[in-house]
Amino acid sequence: MNRPLALPIAWTACAALTAFAALATAQPAAGPLLIEHVRVFDGTRVLTDTSVLVEGGVIRSVGANPARPAGATVVDGTGKTLLPGLIDAHTHTIGQDPLKQAPIFGVTTDLDMFTDPKLAAGVKKQQQEGMLPDYADLRSSGYLATAPGGHGTEYGMAVPTITRPEDAQAWVDARIAEGSDYIKAILDDALEYGTAKPTPTLTKETLKALAAAAHKRGKLIVVHIGTLQQAEDAIDAGADGLAHLFVGPKSSPGFEKLAASHHIFVVPTLTVLQTLCGTSFNSELAEDRRLKPYLPPAETASMKRSFNLPGKMSCEGAYEAVRQLSAAHVPILAGTDVGNPGTTQGASVHGELELLVRAGLTPVEALRAGTSAAAAAFHLDDRGQIAPGKRADLVLVNGDPTADIRNTRDIAAVWKGGYAIDRAAWKTSVAKQFEEQANTKSAPPPAGSESGLVGDFEQEGPPQARFGAGWSISTDEIAGGKSVAKMEVTTGGAEGSKGALRVSGEVLQGFAFPWSGAMFSPGPTPMAPANLSSKKAIQFWAKGDGQTYQVMLFATRLGFRPATQTFVAGPEWKQFTLTFASFGGLDGSDTMAIVWTAGPKTGTFAFELDSVRLQ
Ligand SMILES: [Zn+2]
């Protein structure tokens, strides 16, 4: 993660997720479901020895002894607790597949805070038609409101920016036309993350106009903030809710009074703040025995990733603010900012609940933050509670999370709209993925890789590789992007050698994280894993137009999210050595591809590579 700056909204560089749309299936009719003798947290309070009856995907009754309808599935809830389906109030959902993981962990509603609006609209349309019964229900802001060059524009997406209050209504109306469920805006110049100069951000006047424009259309506006001052300005400008809390060692007495008097809600996203503040909380969460069997290798890796920030930050002020806000009865919502390093869909919500308790909420207050408080704040009147007439989004857990919040992780069953989520099948597929990964570790190194030389480009014609499936062009075109590239063997290589590989082209807006470059596949076919663990590093010479380039390492354990390092290709040949370990702790044993690319910055580019080898 060598991005110079990654804020709590940064998306991990995902290459091909959108290409993996799942087959849509309509929701089959589920028979009645009766959960008996169970402790119920109904969204606000705890009921003991209760029975909950579900019919047609809706909760019919909550009480002592309902009649058992014919053909009902009966579940004994003795020793267990039934919770409303959890709501993650801050996600970034790229592609629909992450939505399938969320309900495995009991998260049945995803409130996305910035993604491609076309993607969100596609998922929501299917869900309205009764498709994707086992995917979390999606709501989304679509694009976010930000200044030109501001936070949210760094991912290569064509984000429509705004600079003047008088454009606010048109901007908001365009989002609503695209399908936005609420408006998300950025008030953050990134200085608190140790950047040298401020990132452009909205003015308070423009934010105020955006809030008024959203409210005129009956939409909420949620404002991303980074400092206490920005939080106060956002509240003053008319924000309905804050995304994130400020980092730093202190809160400020009085902030909670301002928040309470303006009736706002707050989504602290302590999960992603943990990553920013450099704690090991998320890495440890990935190892929790109740979650681990359901976490695919790539997601485990994601939870162990961190931001690469210039300085160390403190999260104490955020914790203090949560305490103060809660004491002032400001609604606190559980949101993870999933999509960022240190996070994963679903499982991260359980971490957020624990962090809220660490901040000072009682377990019951934390459970409200993950259920009824989120539903109330976003006017999702059909969910967030276990009560007659509500959707049967239900999580059955072993033990009592109102005594120990970590018991939310010990999931016995999940239903979404009455549809039973198949956690067993998911668990089997996760085990299989780990098994495949272990197999690559014992595979022999690719034939011809012994000397380590990948390519010296001394021969004219198409670029030759000494082993593997060779060199190919790699661009975001496979994910629906528009970037272009070409490669050719050219004369005049490093250290006076005869030839080099020249890669040139243009990175174009189209896909989030556009990229364009050249790829080496060490396995027998492109993207097939090869065991390169007998070597420790990738070494190459490069020169070019002075721009910053990325080396992306694809490994099966990372799924389709590569680990990246950057290098600058200057006018003179320079040698670079990047260890596998420096790519987030990889060991080379499951290498699918090594890619040298331009992007996500758009524009034309040209660089040359030579003497590419493994060391
Ligand atoms: Zn975010």
Report yes if T402 is part of a helix (DSSP H, G or I) and in contact (Cβ under 8 Å) with a residue 12 or more places away in the chain, otherwise no. no
Please find, among K312, K257, K250, the residue that is surrounded by fewer than 22 Cβ atoms within 10 Å (Cβ to Cβ), within 29 Å of K208 (Cα to Cα), of a type in the set (K, R) and at pLDDT below 90. K250
Output the residues belonging to region 210-239 that are more than 16 Å from the ligand (Cβ to nearest atom), touching a strand residue (DSSP E or B) at 6+ places or on another chain (Cβ under 6 Å) and under 22 Å from A374 (Cα atoms). A211, A214, K219
Can you tell me which of T201, T206, T227, T195 is modelled with pLDDT under 95, among the polar types (S, T, N, Q) and crowded, with 17+ Cβ neighbours inside 10 Å? T227
Log entry, pairs with first residue in region 123-135 being among the small types (G, A, S), second being surrounded by fewer than 20 Cβ atoms within 10 Å (Cβ to Cβ), beta carbons closer than 6 Å, six or more apart or on different chains, reads G130/A26; G130/Q27
For residues in region 76-94 being more than 16 Å from the ligand (Cβ to nearest atom) and within 20 Å of the chain's Cα centre (by Cα), which is nearest to E352 (Cα to Cα)? L86
Matching residues in region 110-125 - criterion: being away from the ligand (no atom under 16 Å from the Cβ) and crowded, with 24+ Cβ neighbours inside 10 Å: V123
Name, by its number, the condition in (1) under 14 Å from G523 (Cβ atoms); (2) free of Cβ contacts under 8 Å to residues at least 60 places away in the same chain; (3) surrounded by 22 or more Cβ atoms within 10 Å (Cβ to Cβ) that does not hold for A447. (3)
So which residues in region 46-77 are surrounded by fewer than 21 Cβ atoms within 10 Å (Cβ to Cβ) and outside any strand (DSSP E or B)? G56, G57, A64, N65, P66, A67, R68, P69, A70, G71, A72
Could you run through region 308-359 and say how many residues are closer than 18 Å to I94 by Cβ, within 14 Å of the ligand (Cβ to nearest atom) and out of contact with any Phe, Trp or Tyr (no Cβ under 7 Å at 6 or more places or on another chain)? 9
Scan of region 59-95 for residues that are closer than 30 Å to T115 by Cα and touching a strand residue (DSSP E or B) at 6+ places or on another chain (Cβ under 8 Å), ordered by number: L83, P84, G85, L86, I87, D88, A89, H90, T91, H92, T93
Please verify whether region 260-272 includes one or more residues that are under 23 Å from the mean Cα position of the chain (by Cα), in a helix (DSSP H, G or I) and of a type outside the set (V, I, T). yes
Using the structure shown, decide if F246 is more than 16 Å from T336 (Cβ to Cβ), of a type in the set (A, V, I, L, M, F, W, C) and either within 16 Å of the ligand (Cβ to nearest atom) or without any contact (Cβ under 8 Å) to a residue 12 or more places away in the chain (or both). yes
Residues of region 453-491 that turn out to be crowded, with 19+ Cβ neighbours inside 10 Å and either in contact with a helix residue (DSSP H, G or I) (Cβ under 7 Å, 6 or more places away or on another chain) or at positive phi (or both), as a count: 4
Evaluate region 276-284: report whether one residue or more is touching a Pro at 6+ places or on another chain (Cβ under 7 Å), assigned to a loop (DSSP other than H, G, I, E, B) and either under 30 Å from F560 (Cα atoms) or more than 16 Å from the ligand (Cβ to nearest atom) (or both). no
Given the structure, is A366 small (G, A, S), touching a Gly at 6+ places or on another chain (Cβ under 7 Å), at pLDDT 95 or above and outside any loop (DSSP other than H, G, I, E, B)? no
Based on this model, can you work out whether D134 counts as away from the ligand (no atom under 16 Å from the Cβ) and either crowded, with 24+ Cβ neighbours inside 10 Å or acidic (D, E) (or both)? yes
The condition of being over 18 Å from the mean Cα position of the chain (by Cα), within 16 Å of the ligand (Cβ to nearest atom) and of a type outside the set (D, E) holds, among I162, I183, I176, only for I183
Taking the stated definitions as given, is V612 hydrophobic (A, V, I, L, M, F, W, C), under 30 Å from D97 (Cα atoms) and not in a helix (DSSP H, G or I)? no
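Residue-by-condition table, conditions (1) at pLDDT below 85; (2) under 30 Å from Q565 (Cβ atoms):
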residue: L7; (1), (2): yes, yes
residue: A16; (1), (2): yes, yes
residue: A29; (1), (2): yes, no
residue: P32; (1), (2): no, no
residue: E36; (1), (2): no, no
residue: V40; (1), (2): no, no
residue: V46; (1), (2): no, no
residue: V52; (1), (2): no, no
residue: E55; (1), (2): no, no
Given the conditions (1) surrounded by fewer than 24 Cβ atoms within 10 Å (Cβ to Cβ); (2) in contact with a helix residue (DSSP H, G or I) (Cβ under 7 Å, 6 or more places away or on another chain); (3) small (G, A, S); (4) over 30 Å from A431 (Cα atoms), report the number of the one that A321 does not fulfil. (1)
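The values are calculated or read from the model by the stated rules, or taken from the named source; none is laboratory data. As the structure is a computational prediction, the values presented were derived from the model and not from experiment. For neighbour counting, all protein chains shown are included, and Cβ atoms are generated from backbone atoms with ideal geometry for every residue, glycine included.
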